[in-house]
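Report on the structure given below.
The values are calculated or read from the model by the stated rules, or taken from the named source; none is laboratory data. Here the structure is a predicted model, which means the values were calculated and not measured. Cβ placement follows ideal geometry from the backbone for every residue including glycine, while neighbour counts extend to all protein chains displayed. Only protein heavy atoms, including side chains, enter the accessible area calculation; ligands, DNA and RNA are left aside. Shrake-Rupley method; radii C 1.70, N 1.55, O 1.52, S 1.80 Å.
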Amino acid sequence: MTPWRIDSETAPLTDVLVCPPEHYAWQAVNSVAQRTLSAGTRQPETADFMAQYGALTQALSDNGVRVHELPGREPHLPYQTYTRDSSQVTPWGPVITQCYRRQRRGEYAAVIEFYRDTGGGLWRYSTAGTLEGGDIHIIRPGLLLLGYSGERTDEAGARQFAGWFEDAGWEVRLQPFPNHFLHLDVLFCMVADGLAVGCVDVLDDDLLEWLDARGIRLIPVTYKEVMQLCCNALALGNERVISAAHAQRVNAALRAEGLQVHEVPLDLFTAGGGGVHCMTMPLARELSGRA
């Protein structure tokens, strides 16, 4: 059996998959990066990206998380550092997803190699439409929220993945949203049991009602904060979270909820369209045994 399994977004995190940004560079493949580049912002040096990546991996290690780095990194895959998108670990093992952008399609090879070499292999492959991990939210055992914009994840890809969970008796909600926001984790992220951050002005009212009915409270974030990836956080479990250092108002709101917030400078990555949630694929969290 594979050692890599999760059944929630908020249980204590023990292992995570990341990718050093050796070849990372901003590319005009999403609305955030397009805005950064159109403003004439200078492309940072690799050493600058590596410094922020190092701060992230140090924060993970300091919180007892075992950090695994993706093998087989290739120069023509600059966005490979966003490991959230190219696979998704489930209660039954890892799934290889189906990236939408041609700049990212080759990422599958290194991910398959990692899961093969770390034992247990894979559970499923996404084969219908497109599917990226930033749209997948395993809220808690038995409850899955899955976004689709028609691009990064389309309805066919979402429905195939949802069907595997529904077959196991899970409640699943498929949620459309505008592709301007890249992935659902730009608009919504779980930060602790029963607590999320979300852009209430953009998320559909019926989704907000659905979350409320299932005991999920939301810390509101603004559109401006969303476009700075301030909503993109990583729950570590046990009331701990990693968040971007520039998300000051959101971080204060998290602390007001009693969470321990570990701030990491990530503005060079968020300017390219991805934050800490995007840069981390949880490989293992403590399991409830109820999946």
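Which residue, Pro220, Gly198, Thr280, has the largest displacement toward the positive end of the dipole of the chain when charges sit on each Cβ (Lys, Arg +1; Asp, Glu -1)? It is Thr280. In the range 1-111, what % of DSSP beta bridges are antiparallel (nearest 5)? So the antiparallel bridges amount to about 50 percent of the total. For the chain, the solvent-accessible area of protein heavy atoms averages 38 Å² per residue (probe radius 1.4 Å; ligands and nucleic acids excluded). Electrostatic tally near Ala247: other residues with Cβ closer than 13 Å to its Cβ, Lys and Arg +1, Asp and Glu -1, net 0. Computed over neighbours whose Cβ is under 13 Å from that of Thr97, the net charge equals +1, Lys and Arg +1, Asp and Glu -1. A 1.4 Å probe over all protein chains sorts Leu60, Leu174 by accessible area into Leu174, Leu60, starting with the largest.
Here the range 73-211 is treated with +1 on each Lys and Arg Cβ and -1 on each Asp and Glu Cβ, and its dipole about the Cα centre works out to around 620 debye. With Cα atoms as the point set, the radius of gyration and Dmax of the range 1-111 evaluate to 15.3, 49 Å.
Here the chain has 47 percent of its accessible surface on carbon and sulfur atoms, given a 1.4 Å probe and all protein chains in place.
Which trypsin sites (Lys or Arg not before Pro) in the range 98-157 sit in a loop by DSSP (not H, G, I, E or B) and have at most 16 other Cβ atoms within 10 Å of their own Cβ? Walk me through the numbers before you get to the answer.
Details: sites: Arg101, Arg102, Arg104, Arg105, Arg116, Arg124, Arg152; in loops: Arg101, Arg102, Arg104, Arg152.
The qualifying sites are Arg101, Arg102.
Pair-distance distribution of the range 157-237: all C-alpha pairs, bin width 10 Å, starting at 0; shares per bin in whole percent are 17, 46, 34, 3. Remark: spin-label model distance Glu263-Trp92 equals 4.3 nm, labels positioned 7 Å along the Cα→Cβ axis. Adding -39500 (n - 2.57) for every DSSP H run of four residues or longer, then dividing by how many residues the chain holds, sets the calculated 222 nm ellipticity at -7500 deg cm²/dmol.
Only one residue of Phe177, Phe49, Leu268 has its Cα farthest out toward the positive end of the dipole of the chain, where Lys and Arg carry +1 and Asp and Glu -1 on Cβ, and that residue is Phe49.
Please compute, over every Cα-Cα pair in the chain, the percentage with a separation greater than 33 angstrom. Please list the in-between numbers first.
Details: 5214 of 42195 pairs.
The answer is 12 percent, as a whole percent.
Between the alpha-carbon centres of the range 171-193 and the range 43-77 there is a gap of 24 Å.
What you get for the chain, charging only the Cβ of Lys and Arg (+1) and of Asp and Glu (-1), is a dipole of about 320 debye around the Cα centre.
Magnitude of the charge dipole for the range 1-55, about its Cα centre and with charges confined to Cβ atoms of Lys, Arg (+1) and Asp, Glu (-1), is about 220 debye. Please figure out what share of the DSSP beta bridges in the chain is antiparallel and state it in percent, rounded to the nearest 5. In the chain, DSSP labels about 50 percent of beta bridges as antiparallel.
Test of understanding: express the Cα radius of gyration of the range 72-118 as a ratio to 2.2 N^0.38 Å, with N the residue count.
Taking the Cα Rg and dividing by 2.2 N^0.38 Å, one obtains 1.10.
Step by step: find N for the range 1-50, compute 2.2 N^0.38 Å, then divide the Cα radius of gyration by it. What's the final number? Display every interim value, and only then the final one.
Working: Rg = 16.7 Å, N = 50, 2.2 N^0.38 = 9.7 Å.
Computed over Cα atoms of the range 1-50, the ratio equals 1.72.
The phi torsions of the range 233-246, fed into the Karplus equation with coefficients 6.51, -1.76 and 1.60 and a -60° offset, translate into couplings of 10, 10, 6, 9, x, 6, 6, 10, 8, 9, 9, 5, 5, 7 Hz, rounded to whole numbers, with Gly and Pro shown as x.
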